[in-house]
Amino acid sequence: MSTVNAIAAPSATDPLVRTTIERREVGPRDVLIEISYAGICHSDIHTVKEEWGSVPFPLTVGHEIVGRVAEAGSEVTRHAVGDRVGVGCMVNSCRECDNCKAGQEQYCLQGNTGTYAAVDRDGTITQGGYSTHVVVDQDFVLRVPESIPHEKAAPLLCAGITTYSPLSHWNAGPGKKVAVVGMGGLGHMAVKIAVAMGAEVTVLSQTLGKKDDGLAFGAEHYYATKDASTFETLKNTFDLIINTVSAPIDMSSYLSLLRLDGTLVSVGAPPQPLPVPVFSLFNNRRSFAGSSIGGIAETQEMLDFCAERGIAPEVEVITADQVNEAYERVLNSDVRYRFVIDIDTLR
């Protein structure tokens with residue numbers, strides 16, 4: 001075991017604090033990553049506030065991690081010391097179930113091992129990326145292309161793959177009309193990626209406050225959902241809707257925007273259930289689906305896709321001492337569009 005600096009939540013109600021955590025020794029197939037940047041995902045906040053269930057405190061969160069390999073185990077072949085690498089939302093899976101064998105480790109039938117708040121292979125609780133170092137099995141470490149700006153790479157490991165995966169699976173591309181609900185950390189990445197795939201993209205946001213940004217990111221249309229006429233204007237329009245918000249929405253209204261065989265996919269995860277009116281699905285043979293992150297191979301595909309097309313998130317870099325303030329700003333929708341912690345300020 002080695003002791004490293006970290007930021008942890010002591011409880012569901014206390015502010016996050018600087019502390020130290022233990023990392024396991026580097027095993028034969030492990031890599032030790034010296035973390036450079038860690039993104040702040042709304043999932044981190046849901047978790048530490050126990051909005052998705054109880055968690056083991058104290059807890060260090062963070063599953064948008066980028067850094068460089070500082071040490072590689074004796075059997076490691078995929079990564080070498082000095083490589084720029086990343087870690088996303090999972091650090092292991094059973095590797096034996098049908099889903100894992102199909103390269104869909106995120107849907108491991110035994111449950112994948114989350115980057116934080118999960119039971120690791122040694123029986124300890126996994127601790128996330130708000131820390132100076134992490135030890136991860138090489139099979140769950142991604143290669144981060146050097147062409148992606150270092151401080152912007154981390155959010156791709158969650159926000160990037162969470163939106164890329166459903167856009168790819170439901171074939172967003174030329175001839176497809178795609179709507180993105182919400183223009184936050186996930187939403188702005190969904191816009192950029194869908195545009196790069198060739199789809200005609202519309203943003204559905206509460207107000208027109210971010211319209212200039214949405215159009216600059218490549219969206220062709222931008223509508224305010226607080227305006228009731230929006231839902232009448234856009235009825236039966238979209239092949240695919242990606243819902244990125246972590247709050248309840250009126251499912252009947254949004255489902256009405258789908259054309260024949262259209263699908264609404266939720267990637268945001270509100271604490272409350274989303275009631276689905278069945279008759280809204282009957283009309284136009286619509287579908288409602290959910291999507292998690294991507295598997296390791298698909299996440300690497302996403303990173304390479306973004307590197308080739310010059311896609312990166314919009315970020316605001318903060319110090320380790322600004323994390324609590326950043327949490328409050330996320331809850332107030334006061335960020336464009338992802339906070340990223342400069343981990344050098346934690347050393």
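The values are calculated or read from the model by the stated rules, or taken from the named source; none is laboratory data. In this text, all values refer to a predicted model and were calculated from it rather than measured experimentally. Ideal geometry is used to build each Cβ from the backbone, glycine not excepted, and the neighbour counts take in all protein chains shown.
Scanning the stretch 119-152 for residues that are free of Cβ contacts under 8 Å to residues at least 12 places away in the same chain and small (Gly, Ala, Ser) turns up just one, 123.
Could you look through the stretch 215-227, keep only residues that are outside any strand (DSSP E or B) and aliphatic (A, V, I, L, M), and pick out the one that is nearest to residue 299 (Cα to Cα)? Within the stretch 215-227, the match that is nearest to residue 299 (Cα to Cα) is 219. Of the residues making up the stretch 153-209, those that are in a helix (DSSP H, G or I), among the β-branched types (Val, Ile, Thr) and closer than 18 Å to residue 268 by Cβ are 161, 162, 163, 191, 193. Residues in the stretch 331-347 that are surrounded by fewer than 19 Cβ atoms within 10 Å (Cβ to Cβ) and either in contact (Cβ under 8 Å) with a residue 40 or more places away in the chain or among the aliphatic types (A, V, I, L, M) (or both): 331, 333, 335, 336, 342, 344, 347.
Condition first: in contact (Cβ under 8 Å) with a residue 60 or more places away in the chain and either surrounded by fewer than 21 Cβ atoms within 10 Å (Cβ to Cβ) or in contact with a helix residue (DSSP H, G or I) (Cβ under 7 Å, 6 or more places away or on another chain) (or both). Now tell me which residues in the stretch 9-22 satisfy that.
Hits for the stretch 9-22 are 15, 16, 18, 22.
From the list 26, 76, 87, the one residue that fits, being among the aliphatic types (A, V, I, L, M) and touching an Asp or Glu at 6+ places or on another chain (Cβ under 6 Å), is 26. In summary, residue 212 fulfils each of the numbered conditions (1) part of a loop (DSSP other than H, G, I, E, B); (2) free of Cβ contacts under 8 Å to residues at least 60 places away in the same chain; (3) under 30 Å from residue 145 (Cα atoms) with the single exception of condition (1). Take residue 256 and tell me if it is more than 15 Å from residue 280 (Cβ to Cβ) and among the polar types (S, T, N, Q). Answer is no for this residue. The residue of the stretch 188-231 that is surrounded by the most Cβ atoms within 10 Å (Cβ to Cβ), among those that are basic (Lys, Arg) and within 20 Å of residue 332 (Cβ to Cβ), is 210.
Restricting attention to the stretch 310-333, the residues being modelled with pLDDT under 95 and either at positive phi or not in a helix (DSSP H, G or I) (or both) number 2. What do you reckon, is residue 262 under 22 Å from residue 312 (Cβ atoms) and either buried (at least 22 other Cβ atoms within 10 Å of the Cβ) or not assigned by TED's automatic domain parsing to the domain that holds residue 339 (or both)? When the stated conditions are applied, residue 262 does not pass them.
Scanning the stretch 157-170 for any residue that is under 17 Å from residue 34 (Cα atoms) and either surrounded by 19 or more Cβ atoms within 10 Å (Cβ to Cβ) or within 14 Å of the chain's Cα centre (by Cα) (or both) turns up at least one such residue.
The set of residues from the stretch 334-347 being assigned to a helix (DSSP H, G or I) and either more than 18 Å from residue 16 (Cα to Cα) or among the aliphatic types (A, V, I, L, M) (or both) comprises 343, 346. Scanning the stretch 225-249 for residues that are out of contact with any helix residue (DSSP H, G or I) (no Cβ under 8 Å at 6 or more places or on another chain) and closer than 19 Å to residue 208 by Cα yields a count of 10. Any chance you could count how many residues in the stretch 226-268 are touching a residue at least 12 places away in the same chain (Cβ under 8 Å) and charged (D, E, K, R)? Total meeting the criteria: 5. Would you check which residues across the stretch 265-286 are surrounded by 15 or more Cβ atoms within 10 Å (Cβ to Cβ) and under 13 Å from residue 236 (Cα atoms) and list them? 280, 281, 284, 286, listed by residue number.
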